[in-house]
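The values are calculated or read from the model by the stated rules, or taken from the named source; none is laboratory data. Values in this document were obtained by computation on a predicted structure and should not be read as measured data. All Cβ positions, glycine included, derive from the backbone under ideal geometry; neighbour counts span all protein chains shown.
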Amino acid sequence: MSAPVKKFQAGGVQVAVWENDSPKGDNLKFNTVSIERRYKTKDDQWKSTSSMSVNDIPKAILSLQKAYEFLALKEQEYTESTNGTSGTPTITQASALA
């Protein structure tokens with residue numbers, strides 16, 4: 001299995017971004033994300049699970065938001081490079097222009 005493209009972590013919650021090849025064999029790629037929570041057992045062994053406690057939810061949200069931002073910016077860069085345009089300014093870019 002290949003390594004993730006990027007990882008985002010908040011506490012014990014980690015989100016990994018993966019790049020996958022299209023199963024159609026058309027050289028297209030798509031991204032997926034996985035989420036896990038790491039914890040230590042009473043025997044000092046590290047384990048992972050996809051189940052979250054109520055206290056893990058904000059950490060999961062933060063990690064997923066960071067992954068989404070990463071993927072959205074990656075998609076925007078790809079679109080700009082294939083269209084040869086600079087795209088619509090983001091809020092941050094528009095604020096810097098003002």
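For the stretch 1-49, name all the residues that are of a type in the set (Ser, Thr, Tyr), at pLDDT below 95 and not in a strand (DSSP E or B).
Answer for the stretch 1-49, where residues must be of a type in the set (Ser, Thr, Tyr), at pLDDT below 95 and not in a strand (DSSP E or B): 2, 22.
Report, ordered by the first and then the second residue, all pairs with beta carbons closer than 7 Å, sequence separation of six or more or different chains, a first member in the stretch 57-74 that is touching a residue at least 12 places away in the same chain (Cβ under 8 Å), and a second member that is buried (at least 16 other Cβ atoms within 10 Å of the Cβ) and aromatic (Phe, Trp, Tyr).
63/8; 66/8; 67/8
With the requirement that a residue be of a type in the set (S, T, N, Q) and out of contact with any Asp or Glu (no Cβ under 9 Å at 6 or more places or on another chain), what does the stretch 1-25 give you?
9, 20, 22
Hey, among 9, 65, which residue is touching a helix residue (DSSP H, G or I) at 6+ places or on another chain (Cβ under 9 Å) and surrounded by 13 or more Cβ atoms within 10 Å (Cβ to Cβ)?
Answer to the selection: 9.
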